[in-house]
Every structure is written in structure tokens, then in C-alpha cells.
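Asker: I am attaching a structure below and will ask some questions about it afterwards.
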Amino acid sequence: MPFDGDSHQSIEKWIELFEDVVNMFNLSDLHKLVFGKRSLKGKAKLCIQSETGVNSWGKLKNLLLSEFGYSCNSAELHEMLSKRKLKDDESLEEYFLKMKQLCTRGNVEDTALMQYVINGIPDSVIRKSILYGCQNLSEFKQKLRVYEKMRSDYDKAKPNRPKFGNETKDRIKVSKIENKDKFEDTKLNNIRCFNCGALGHKSSVCENKIKGIKCFKCNKFGDHLAKDCTIKKEHSNVTVDKTTSCENLTTKIVRINDLNIVSLIDTGSQKTLIKKSIFDKIGKISELEQSNIKLSGLGNTTVKPLGIFKTKIIIDDLEFESEICVVSDSSLSFDFIVGCNVINQCTLIVSGKEIKFTKPSDNSLSDSFLINVAEVMTHEQEIDLTHIQNKEYQEKVRNLLRNYKPNKTKKIDVKMNIRLTSDIPINSSPRRFPFIEKEIINEQIEQWLKDKIIRPSTSEYNSPVVLVKKKDGSSRLCIDYRRLNKITVREHFPLPLIDDLLDRLQSANIFSTLDLKNAFFHVDIDPSSKKYTSFVTDTGQYEFNKMSFGLTNSPSVFQRYIYNVFRDLIKENVVMIYLDDLVIFSENETQGIERLQRVLKTASEYGLELNIKKCQFLKREIEFLGHRIKDGKLYASPLKIKAVMNFPELKCTKDIRSYLGLTGYFRKFIPHYSAIAKPLSDLLKKRQ
């Protein structure tokens, strides 16, 4: 049991162990002194040899404590633990014991020690996952032995691979080198020479530098710039001297407030676009204005700009007034795209490898050719009204939609109040998600915070988040409230009977349907209940200001809310409502427009936001609650029929119940349905 004064050894712990041993043998003070001195090595031995008068165990102990005793605060101790890593020549057991010995210098919980040990092992998180979840140090030591066996087996099975635990590190080093090379190549390819205008080199190494400055109007090197060029060319709005590749014709230098930007010239884009990161560098620009336009591109993907601003831009020494849309960096490959709202102000000359912007002459063409790869869509263009044959009716509907704004001049005193049957808080740890899904979650959190749907929380309650796939393949962020729902007192506001709603619709010929956007978010949560809606992600804890999807009482509360909004119109049989689906039914188009106007007026007064893409107007056939309604008659939905036809072979009672539940939907359309389904129903009775 030697002591050498090493920084990783605690003198207090050594003295405690030494005295336990000598006291077991009931040794005298002299024997303690002799054995104590013989146990000292290294610095500790030198320290004793340099001192005189050490003739008792008590003096020896005090000398060792004064020389090697070390007290550190919690911050220093935790810093040492976090920096201590597993060494190459060290076994896991040795590493664990040394970390445990280090913890004796202060008060460190067992859970903290286990986490520091795991963090100090150079290996991937997935491989180290076996070490998590231990309740005590004994269990942790057992898992360490299993983990070390895995490491040993891996190294034996794959002798040519990097040592277990260093593979990730080696791969990262190689990846960094490769990425650095790629970055340097990309950086060089994006450099434009301000002497000759070509890509791939700087002006300081330009071979044409000795020829003098270049005029980008006549493309000659000499002693003048484009603005002083005396050569004039007759041309149409776009003049092509010879065939050339697109990649040599598409970029120009655009200057905004002394900032030069390499920009794409896109005659197919109706709007001029800029990345958010580049916009931030410009400076001296007023704040962004909000806009409801949407940009549609390849594959019918749509992007909503972060905002728009107006400014002057300079291309080829010409100044243009332009409205510019700011979009997120991930939405745009180029820093800047010059669109047709700028191109239409000038004449383009395509000559060899150059594009020139010039002021149009009086007889030049007023409209440049357009390829609508990126069109600007308003709400009007998103809605298809071609089924309305009467143009006057079409225009009336367009005007109603064009003028619709959720003004919210009135309020409904309906809030969600959550009551629980237990006072024991519900807690959940954040779930792990892949990096891509984390980005989706964080983007949604940021948007909700911006819209004040949620706020940061310190509640003792919290539920985990989940990502649910939607029909279009995108993901929806939801909260898993199942544990909370189990202890929630149910609210009872009855939903309308579907059969009653369908019976009333059979007397109508013209239908309009409205779909509410984020319907549940229209309802406030009572301040005392917000803490129960708290959820946790890896970035923090939040709670809802608005009613969330997934709470057991959300449908009932929302039905009460929407019923009170349209109470008078429901009584007059103007509109029918089932949760967020609104149906306006009428006998003819004239009555349909009049009723639509009344419903939109009420919706605007209470600030209801509509999902315009899912709305339908003045149609003679609609799908509603799984049924098809046409010319006052009710039909089975083709989707339901397809589901029955494609139902898999029945193999168990669960399949039978599912199948009968699906076919029960056709009960009203199939005479003697009960008799037909009886053999299957009897099978369920026999199993009970």
C-alpha cells in the first residue's frame, strides 16, 4: 500500500486505509512510524528524508497532511473529472477505479461519476449506450466488464480496422481533410476576376492584366470603361451572337450599398431574390415588409419569403429600382437572383461569354421572353374557380376572398381548462431524434415561439414530443400527452351526429366548404392550465398558450368554441360544423354566395384563419365526413370502397373487428347488412 505523493492519490484516503490495517494488528506507535516510512515512495519519501524530528506516527501523519493534503472546490473537482479520459495503456477497470479515487476529494454523486466515466471513453454514443441506465456503481461495474469484452471481441474480429473507439475519430479526421479540399476547390471556382470578369482566378494573377482594363460593353481591353464606351450596337431586347453554354451566361456582379454580389440572371423568375445571410450584410436597409406572396419553383415546391424590401441595385454601371424578396439560405443556391422585375427595365445583350445590361431604346421590345419556372402566387391563383361557369359569380367569390382578413374584433369566452384527478406531476425525458428530425422540431419550435403559440416553461409537468408523418410525406410535430390524458377529467360537449348532418345536406344542391388553419390554436388555454401542457425537447422546455392537438379534451372544447362563433348561422341552417370542417349549403349559386359572405364576415370578426388550399366554393359535389354528396343525394366514398377491396385476409379476431368496423360504414347503403355480416359477428361471440 505505497504512497508516492502523486496528484491522483488522496493522502487522506491513504492514511485512512493505512490506519485500518495497522489497527487490525494492534501495532504500537513505533511500528506505525516504521511501516509508514517504508510505505512512502517517490516525492513522499524525499519529503520525509529532508525533515528532522519525525519520531512518531502522529508527526509523520501531520507532515504528510500538510505537504500533500489538497482541498479543491466542487468546480475544480468537476473540471478534473471532465478532463480525465481513458488512456491507451489503461484498462476500463483501472480507469474506473482511478476516477472513483478522484471523487474522494469532494462530494460527487454516483450518477455523476458514472456519467464522467462514460464521457471519458473515446467511442461512439451508440456503442456506449450499454453503459447507460445503471442504478448503482455495482451494476455499472458489471456493464463495464461486458462493454470491455465487446471491445476486445471487436478488435479481434476486425484486425485491420482502427482500434475500437478510435474509428469515429479517424473517420472524422479524414472527413475534415476531404471537406477542406472540397471547400478550397469550391471557393476557388466561385472567385471572379474583377479585371477580365472570368471565374476561377483573382485579378492579381490575371493573364490579361497587362492588356489594361476591360470594357464590358465592347469586350475589348484598353483604356476605357463601359460607361465611356463610344461603340453602339443595334440589337433587339435579347441578342445572341453565337451559341454558348448556359453556365457561362448566367452570372453577373450586382452591387448594393457598396457590396458586390455574384448573382444569377434568371429570365424565368418573376421576382428578384436574395439570401437572408447576404441581406444581413448589406446594411442601411429599412426593415423588411411582410408579404403574402409565395414563390413556386421546380416540382411545384413553394417557399414563403421572410419579407420584401425596395432598393436600388447597380449592374454594369446601370442603376435599377427593384423590389427584392428575402428567402432563407436553404431555399436558394445562389446568393442573389436577378428576376424579370429588373430584367424588364433593360435590354440584355448576350455576346460570346458575356451578358450585358443596357438601357432599352425607344423602339425596343417592351416585354422580355418569360419561362415561368418560378411564378408568384397569390391566394386568388391558388384557388380553382373554373367550375363556376358564370363569370359574375366567379368574380364575386374572388372579391370575397381577396377582401377576407381575420380582423378579430370580437371574442368568445371559451378557454381550455385542464382538471386532473391526481396531483403527482408527470415527467418525461427528451426523446432522441436523428439530426434531420431535430432540425424539423427546432424550426417548428421557433415558429411557434414567434407566433406566441408557446412560451418557455419551468413547469414540473412535461411530456415528450413525437414526429408524425402526414399524407404528403412531410412531418408534423406533436406532443405525446397519453400519460396526461389518463388523469384528465373529461369534458362533455357533444359532437353533432354525422347521420343528422348528412340528412340535412341532402336537401341542398350547392356547397362551399371552409377548412380552418391550425384550428385548435384559435382557442386560448386558461393561465392556470398552461403548466400541464408543458413539453420538453433537447433545446428546452415549453408550454402552450393556445390549445394543442393531442389533449383529450381538445375536440370537445373546440366544438364548443366554434359552435359559439357560428351559433346564429347554425340555427338559421346557413352552415354546418363538425370540428374544423365547415359546410355552407344552399339551393342555388345566388343563395350560396350570400351565405358564404355571411359566414366569412363572422369568421373575420372572430379572427379565424382559413386554409385556402383546402377550401371549396359553389360546388355541386363534395366529400364530407367520408361521404360523397352530389345533386342532393348521398353516395359511398370511393376511398372507403377502395379500402374494403384492399383489406388484407382476416387472420384473427382483431382483423375481424377492424373489417366489420370499416364495412359498418356501408350499412346505410347495403340492404340487410346485418344478415350479411352475421357469420363474422358470430365468430366474435364464440371467442368471448
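Values in this text are rule-based calculations from the coordinates and carry no lab data. The structure displayed is predicted, hence computed values, not measured ones. Please note: Cβ atoms are built from the backbone with ideal geometry, for glycine as well, and neighbour counts cover all protein chains shown.
Asker: Residues with beta-carbon under 11 Å from that of residue 331, excluding residue 331: net charge, scoring Lys, Arg +1 and Asp, Glu -1? Kindly include the intermediate steps, with their values, before the conclusion.
Answerer: Working: positive: 275, 276, 304; negative: 329.
It works out to a net charge of +2.
Asker: Can you pull the one-decimal nm distance between simple spin-label points at residue 504 and residue 605, each 7 Å off the Cα toward Cβ?
Answerer: With each label placed 7 Å out from Cα toward Cβ, I get 1.9 nm.
Asker: Give the peptides 519-526, 607-614 in descending order of average Cβ contacts within 10 Å, highest first.
Answerer: Per-residue Cβ counts within 10 Å, averaged per peptide and sorted highest first, yield 519-526, 607-614.
Asker: Report the gain in length on full extension from residue 281 to residue 43: 0.36 nm times residue separation, minus Cα-Cα distance, nm rounded to one decimal. Can you show the working numbers first?
Answerer: Numbers: separation 238, 0.36 × 238 = 85.68 nm, distance 6.02 nm.
Value of the extension gain: 79.7 nm.
Asker: For segment 11-68, take the alpha-carbon Rg, divide it by the Kirkwood Rh, and send me Rg/Rh. The partial results should precede the final answer.
Answerer: On the way: Rg = 10.7 Å, Rh = 11.5 Å.
Here Rg/Rh amounts to 0.93.
Asker: Using a Förster radius of 22 Å, what is the FRET efficiency between residue 674 and residue 643 based on their Cβ-Cβ separation? Nearest 0.05, please.
Answerer: Rounded to the nearest 0.05, the efficiency is 0.60.
Asker: Could you calculate the FRET efficiency of residue 62 with residue 139 from 1/(1 + (r/R0)^6), where r is the beta carbon distance between them and R0 is 35 Å, rounded to 0.05?
Answerer: The calculated FRET efficiency here is 0.30.
Asker: Rank these for me by crowding, 25, 309, going from fewest to most other beta carbons within 10 Å.
Answerer: Numbers: 25 8, 309 17.
Taking fewest neighbouring Cβ atoms as first place, the list is 25, 309.
Asker: If you average the alpha carbon positions of segment 502-538 and of segment 410-476, how far apart do those two centres end up, in angstrom?
Answerer: Distance between centres, Cα-based: 16 Å.
Asker: Which order results if 416, 80, 645, 114 are arranged by neighbouring Cβ count within 10 Å, fewest first?
Answerer: With the sparsest Cβ surroundings first, the list reads 645, 80, 114, 416.
Asker: Follow-up. Using the number of other C-beta atoms within 10 angstrom as an exposure proxy, rank 499, 4 with the fewest first. Can you show the working numbers first?
Answerer: Values: 499 11, 4 15.
Starting with the residue having the fewest Cβ neighbours, the order is 499, 4.
Asker: What pairs from 128/149; 202/281; 486/517 go past 18 Å between their alpha carbons? Walk me through the intermediate numbers first.
Answerer: On the way: 128/149 13 Å; 202/281 22 Å; 486/517 28 Å.
Those over the limit are 202/281; 486/517.
Asker: So how much slack lies between residue 19 and residue 221, counting 0.36 nm per residue of separation and subtracting their Cα-Cα distance, in nm? Don't jump to the answer; show the numbers that get you there.
Answerer: Details: separation 202, 0.36 × 202 = 72.72 nm, distance 9.36 nm.
Gain in length upon complete extension: 63.4 nm.
Asker: Modelling each spin label as a point 7 Å along the Cα-to-Cβ direction, I'd like the residue 207/residue 619 distance in nm, to one decimal.
Answerer: 6.4 nm
Asker: Also, quick follow-up: What relative contact order, as a whole-number percentage, does segment 415-634 give when Cα pairs under 8 Å and 6 or more residues apart are counted?
Answerer: Relative contact order of segment 415-634: 27 percent.
Asker: Classify segment 1-150 as rounded, prolate or oblate, taking a ≥ b ≥ c as the square roots of the eigenvalues of its Cα gyration tensor: rounded when a/c is under 1.5, otherwise prolate if a/b is larger than b/c and oblate if not.
Answerer: Details: a/c = 2.62, a/b = 2.22, b/c = 1.18.
Prolate.
Asker: Around residue 406, with a cut-off of 11 angstrom between Cβ atoms, what is the net charge of the other residues, counting Lys and Arg +1 and Asp and Glu -1?
Answerer: Working: positive: 405, 408, 517; negative: 605, 609.
My count for the surroundings of residue 406 gives +1.
Asker: Provide the packing ranking of 671-681, 99-109, i.e. peptides ordered by the mean count of other C-beta atoms within 10 Å per residue, highest first. Before the final figure, lay out each step's value.
Answerer: Working: 671-681: 10.9, 99-109: 15.6.
Per-residue mean Cβ counts within 10 Å order the peptides as 99-109, 671-681.
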